Amino acid sequence: MGTLVVGVDAGATSTRCVVATIDGTIVGRGVAGGANKNSSAFPPAASLGAALDAALSSVERRDVRIGVLGAAGSAGAGRDSFRAAAGAAWRQAGLSGEVVTVTDLEVGYAAGTAAPDGVLLLSGTGALAARFSGGVLARRVDGYGWLAGDEGSAVWIGIRALRAALAALDGRGEPTVLVEAVRSELGVPPGHGEDLAQGLLAAGFAMPPATLGRLAPLVSAAGDDPVARRICAAAAAKLLHTFDTVQPAPADAAVLAGSVLLSPGPIGGAVRAGIRERIGAEPSEAADGAAGAAALAIARLTGNPVPADVHASLTGHEPTRE
């Protein structure tokens, strides 16, 4: 196969890895649990190692020249700990090539476009916006985690779904179909009033914070339920405000990432419409962050921007979209 590169996108709920040739052909994939030290249920090094092993199972590991590993929570105070986890996993996998660590912002943006200037808007387990200039991160907004920010994220939505269900049960809020939807999703036995409220509360506290995001699809699927509609509208407004705050230029590309924005539903639809109004173009999708990381690895190895056809081969985007 010749020279190979590795790309890893380590999120809060899953870690994805691809192995690719420098012409953009993907020859291996691996998936493991989340690798965010703040909100995942697994040690980062273990998840990274599992994803690497799965992706490398059918290739010669000595052919790997470089890997780019990106992760949520790897900026600022988390940079050193993720670098250490990545290095440990890399060595444990028997790899000797260069290992480079970046944030999920770089890999997400690279997964959606090869354009040097643009904005990444992400809403998955977490939420943030990042503006790139000349391929370099120029500004970021939010991404502070479930406790302090991530406005409009799946966890943000899931927490509000749980709150709405509890409020409906104790009379502070109006009735909503989210009570039964949340009860069923959390596996709480049927009940009423205070008993059901305490069951939902206990189930919610028993979950790792990142997994509360699994309640978000229930909100999008709740149809005409007024409570769910308000949560969806609030999430879309938060995300568009975050997008505006990074001050994109009129000619910038826009890339959407994360399950909330890439899944069909009212939130993604409202955000797409809002971005079209702002930039006059359709945003692209960062569907495969690991492929974006592989694109960054190819660029670093060759010392040149990734050609449009190579980027398209890795990510599935047509070159004419870039």
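The values are calculated or read from the model by the stated rules, or taken from the named source; none is laboratory data. In this text the structure is predicted, and so the values were computed from the model without any measurement. Glycine gets a Cβ as well: all are built from the backbone with ideal geometry, and neighbour counts include every protein chain shown.
So that you can scan it fast, the table gives a plain yes or no per residue for (1) in contact with a helix residue (DSSP H, G or I) (Cβ under 8 Å, 6 or more places away or on another chain); (2) farther than 19 Å from residue 27 by Cα; (3) surrounded by fewer than 17 Cβ atoms within 10 Å (Cβ to Cβ); (4) modelled with pLDDT of 90 or more:
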{"position": "271", "(1), (2), (3), (4)": "yes, yes, no, yes"}
{"position": "277", "(1), (2), (3), (4)": "no, yes, yes, yes"}
{"position": "284", "(1), (2), (3), (4)": "yes, yes, no, yes"}
{"position": "289", "(1), (2), (3), (4)": "yes, no, no, yes"}
{"position": "292", "(1), (2), (3), (4)": "yes, no, no, yes"}
{"position": "304", "(1), (2), (3), (4)": "no, yes, yes, no"}
{"position": "311", "(1), (2), (3), (4)": "yes, no, no, yes"}
For the structure I just gave you, tell me whether residue 298 is at pLDDT 95 or above and closer than 19 Å to residue 181 by Cα. no
Would you point out which residue out of 148, 130, 154, 165 is of a type outside the set (Asp, Glu), more than 15 Å from residue 235 (Cα to Cα), buried (at least 24 other Cβ atoms within 10 Å of the Cβ) and under 19 Å from the mean Cα position of the chain (by Cα)? 130
Scan segment 82-99 and report the pairs whose first residue is surrounded by 19 or more Cβ atoms within 10 Å (Cβ to Cβ) and whose second residue is at pLDDT below 90 and in a helix (DSSP H, G or I), with Cβ atoms within less than 7 Å and a gap of 6+ or a chain change. 82/44; 85/44; 85/45; 89/45
Is at least one residue of segment 102-123 modelled with pLDDT of 90 or more, of a type in the set (D, E, K, R) and assigned to a loop (DSSP other than H, G, I, E, B)? yes
Does residue 230 fit the bill of being of a type outside the set (A, V, I, L, M), farther than 20 Å from residue 111 by Cα, surrounded by fewer than 16 Cβ atoms within 10 Å (Cβ to Cβ) and modelled with pLDDT of 90 or more? yes
Quick check, is residue 263 under 18 Å from the mean Cα position of the chain (by Cα), surrounded by fewer than 20 Cβ atoms within 10 Å (Cβ to Cβ) and among the hydroxyl-bearing types (Ser, Thr, Tyr)? yes
